[in-house]
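Okay, structure first, notes after.
What follows is calculated from the coordinates using simple rules that are stated; it is not laboratory data. Please read these numbers as outputs of a predicted model, since none were measured by experiment. Note: ideal-geometry Cβ built from the backbone for every residue, glycine included; neighbour counts use all protein chains shown.
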Amino acid sequence: MPPGPSRLNDGHGTLVIDASVLLNLLGTGRPAGVLAALNRRVLVESGTLRGEVKTDPVTRNSAKAVVAELFSQSALEEVCLSDQAMPTFMRLTGGPPPDDLEDGEAATIAHALDIGGVAVLDERKAIRIVRERWPDLPQLTTLDLLASPDIHAVFGSTVQAELVHTALMTARMRVSDPFFDWVVDLIGVEQARLCPSIPVRRLPSG
């Protein structure tokens, strides 16, 4: 099976990932291998990491050890917001509903804007706000990473399906519309029926 409809391209050199994305990558069961296959600089903001990434979705134990291992392998880097990024962060967290964001999402966006990176987000509200306010800021989702040709080239279709399925089952990874048919074809309808984040009503009957 060919790679999915990923938007990840060679111009996306530095990825700034939100907590939900990191949890999904941990949820694949092979985060180090996935990050190595992407062959890009991948950053997570310090407050996002410490405030929201507490439990490994696979083992249900503390995520501290597995994240520390990713740091030690230079697969993942921890960064802090600069003084220049703080005003953007404050505007995003202090905005009126429905345009207010949680700290992690706001920090991810603010840092990506600050360094000219790519914001990798899975939450609908955060994606919408970036699209409306900063249409030139590249943004991706977890599935843009997992469906990329890079992952397919390193792992092949069978293991790529295992990575996606495991993330769906353990981390309840969100499946956005552009990826829905690809995910169902990749893991199969019967497996998809068991995934808590896939609406059964959208699956083929029978």
message: So for the chain, averaging the separation of alpha carbon pairs under 8 Å that are six or more residues apart and normalising by length, what relative contact order in percent results?
response: 28 percent
task: Can you tell me what the convex hull of the Cα atoms of the chain projects to on average, as an area in nm²?
output: 11.4 nm²
task: Would you mind counting up the charge near Ala37? Only other residues with Cβ under 12 Å from its Cβ, with Lys and Arg at +1 and Asp and Glu at -1.
output: +1
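All other residues with a Cβ under 12 Å from the Cβ of Leu70 taken together, and with Lys, Arg as +1 and Asp, Glu as -1, what is their net charge?
Neighbour charge sum, excluding Leu70 itself: -2.
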field: Local electrostatic count at Thr141 - Lys and Arg +1, Asp and Glu -1, tallied over other residues with Cβ under 10 Å
entry: -2
query: What span do the alpha-carbon atoms of the stretch 133-206 cover on each of the three principal axes, reported in whole Å from largest to smallest?
result: 43, 32, 20
